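What follows is a short report on a single structure.
The values are calculated or read from the model by the stated rules, or taken from the named source; none is laboratory data. Given the structure is predicted, the values throughout are model-derived calculations rather than measurements. Cβ placement follows ideal geometry from the backbone for every residue including glycine, while neighbour counts extend to all protein chains displayed. Note: accessible area is taken over every heavy atom of the protein model, side chains too, but ligands, DNA and RNA are not part of it. Shrake-Rupley method; radii C 1.70, N 1.55, O 1.52, S 1.80 Å.
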Amino acid sequence: MSGRRLLLVHAHPDDETITTGGTIARYLAEGAEVTVVTCTLGEEGEVMEPPFAQLTADNADQLGGYRIGELTGALAALSDPAGPVLRPRFLGGMGRWRDSGMAGTPAAEHPRAFASSSYLEWVDGGPLQALTRVIRETRPQVVITYDEVGGYGHPDHIAAHLLTHAAVEAASDAGVPGEPWEVAKLYWTVTAHDDLDAGLDDLRRVELPDGWRVPAAAELPAHDAAAITTRIDVSSVLDRKRTALRAHATQLGVSADGAALALTNRIAQPVFAQEAYVLARGAVAPGPDGVERDLFAGVA
């Protein structure tokens with residue numbers, strides 16, 4: 001092991017691979033200790049293909065349990081063959097908090113809904129206490145979660161963002177019972193506008209599965225290039241990311257050449273060879289080109 005420790009906090013199974021799968025695979029290959037915390041089972045998700053239709057929340061309500069298997073397979077695919085297999089870790093335990101669905105839906109009123117679970121209050125067994133304990137246990141130098149709008153506005157993504165920031169602060173607070181731990185760097189996983197524009201242009205020149213469409217760049221969330229502090233080259237582990245994406249078969253499809261993925265809306269998105277981040281806490285350590293190329297740069 002390299003002594004480097006990375007913690008990622010995601011809302012649902014598949015988020016870890018779509019946005020940060022290359023980063024997970026790269027740092028595992030480099031010997032870092034990686035922990036992926038998933039806050040819900042993704043019970044309210046739609047499904048990609050008809051064979052999965054009866055699993056959904058308005059039918060058998062078995063999708064969350066099925067997605068545990070998908071997440072397990074995806075993390076195994078991202079793992080380095082020479083190292084240990086990365087296993088899922090669920091906040092508060094498997095099934096403790098439920099997918100909240102989109103704002104205004106009945107799912108948001110469920111008593112176990114993650115985004116309405118007083119997640120920022122310090123209560124026994126609550127999300128803030130649970131994540132603070134994970135941080136103090138795993139002692140990561142680097143933590144990753146979503147930006148302030150959760151990438152695309154899902155309540156659980158926004159909750160994960162707020163919760164992660166609060167837990168990083170609580171973990172370092174000597175007034176909170178337990179041994180404090182100071183996270184050196186906290187990042188948001190994002191998409192850069194320039195990467196998105198170039199990726200969509202490439203997709204317009206390739207053959208995609210029937211029913212998929214290439215969107216205008218404005219249809220997908222992205223950050224201005226000037227806001228991007230860090231770009232991680234994941235080209236060497238891109239095949240692992242593609243395999244991990246395919247493990248999430250209820251939620252998404254991957255084109256035959258692996259250049260694109262699409263969720264249940266059939267909107268094609270590029271599979272990037274670089275994953276972009278915004279540093280939200282800590283000091284940026286840029287390389288010669290002015291962009292940080294290692295999440296652990298500057299970390300003792």
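Overview of results
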{"read-out": "Any pair with Cβ under 7 angstrom, 6 or more apart, that starts in the range 142-154 at a residue that is within 18 Å of residue 14 (Cβ to Cβ) and ends at one that is in a loop (DSSP other than H, G, I, E, B) and open to solvent by less than 10 Å² (accessible area, probe 1.4 Å)", "value": "154/11"}
{"read-out": "Where residue 148 falls short, out of the listed (1) assigned to a loop (DSSP other than H, G, I, E, B); (2) of a type in the set (Asp, Glu); (3) more than 24 Å from residue 22 (Cα to Cα)", "value": "(3)"}
{"read-out": "Residue check for residue 256: aliphatic (A, V, I, L, M), outside any helix (DSSP H, G or I), open to solvent by 60 Å² or more (accessible area, probe 1.4 Å) and in contact (Cβ under 8 Å) with a residue 12 or more places away in the chain", "value": "yes"}
{"read-out": "Residue within the range 232-247 that is under 21 Å from residue 75 (Cα atoms) and assigned to a loop (DSSP other than H, G, I, E, B) present", "value": "yes"}
{"read-out": "Subset of the range 42-57 [touching a helix residue (DSSP H, G or I) at 6+ places or on another chain (Cβ under 9 Å) and either loosely packed, with under 12 Cβ neighbours inside 10 Å or among the aliphatic types (A, V, I, L, M) (or both)]", "value": "47, 55, 57"}
{"read-out": "From the options 198, 218, residue that is within 22 Å of the chain's Cα centre (by Cα), farther than 20 Å from residue 8 by Cα and of a type outside the set (Lys, Arg)", "value": "218"}
{"read-out": "Residue check for residue 105: among the hydroxyl-bearing types (Ser, Thr, Tyr) and over 21 Å from residue 32 (Cβ atoms)", "value": "yes"}
{"read-out": "Residue count for the range 69-121, restricted to those that are hydroxyl-bearing (Ser, Thr, Tyr) and open to solvent by 30 Å² or more (accessible area, probe 1.4 Å)", "value": "5"}
{"read-out": "Extreme residue, most open to solvent (accessible area, probe 1.4 Å), among residues of the range 122-144 that are part of a loop (DSSP other than H, G, I, E, B) and among the small types (Gly, Ala, Ser)", "value": "125"}
{"read-out": "Selected residue [in contact with a strand residue (DSSP E or B) (Cβ under 6 Å, 6 or more places away or on another chain) and modelled with pLDDT under 95] from 225, 260", "value": "225"}
{"read-out": "Residues of the range 44-56 classified as without any contact (Cβ under 8 Å) to a residue 60 or more places away in the chain and either within 22 Å of residue 164 (Cα to Cα) or part of a loop (DSSP other than H, G, I, E, B) (or both), total", "value": "1"}
{"read-out": "Among (1) open to solvent by less than 20 Å² (accessible area, probe 1.4 Å); (2) more than 13 Å from the chain's Cα centre (by Cα), the one test that residue 39 misses", "value": "(2)"}
{"read-out": "Matching option when the condition is surrounded by 24 or more Cβ atoms within 10 Å (Cβ to Cβ) and in contact (Cβ under 8 Å) with a residue 12 or more places away in the chain, among 4, 26", "value": "26"}
{"read-out": "Flag for residue 85 being assigned to a loop (DSSP other than H, G, I, E, B), among the β-branched types (Val, Ile, Thr), closer than 30 Å to residue 195 by Cα and out of contact with any strand residue (DSSP E or B) (no Cβ under 9 Å at 6 or more places or on another chain)", "value": "no"}
{"read-out": "Test: residue in the range 187-208 that is surrounded by 15 or more Cβ atoms within 10 Å (Cβ to Cβ) and in contact with a Gly (Cβ under 7 Å, 6 or more places away or on another chain)", "value": "no"}
{"read-out": "First in the range 195-208 and free of Cβ contacts under 8 Å to residues at least 40 places away in the same chain, second anywhere and open to solvent by 70 Å² or more (accessible area, probe 1.4 Å) and assigned to a loop (DSSP other than H, G, I, E, B), Cβ under 7 Å, 6 or more apart", "value": "none"}
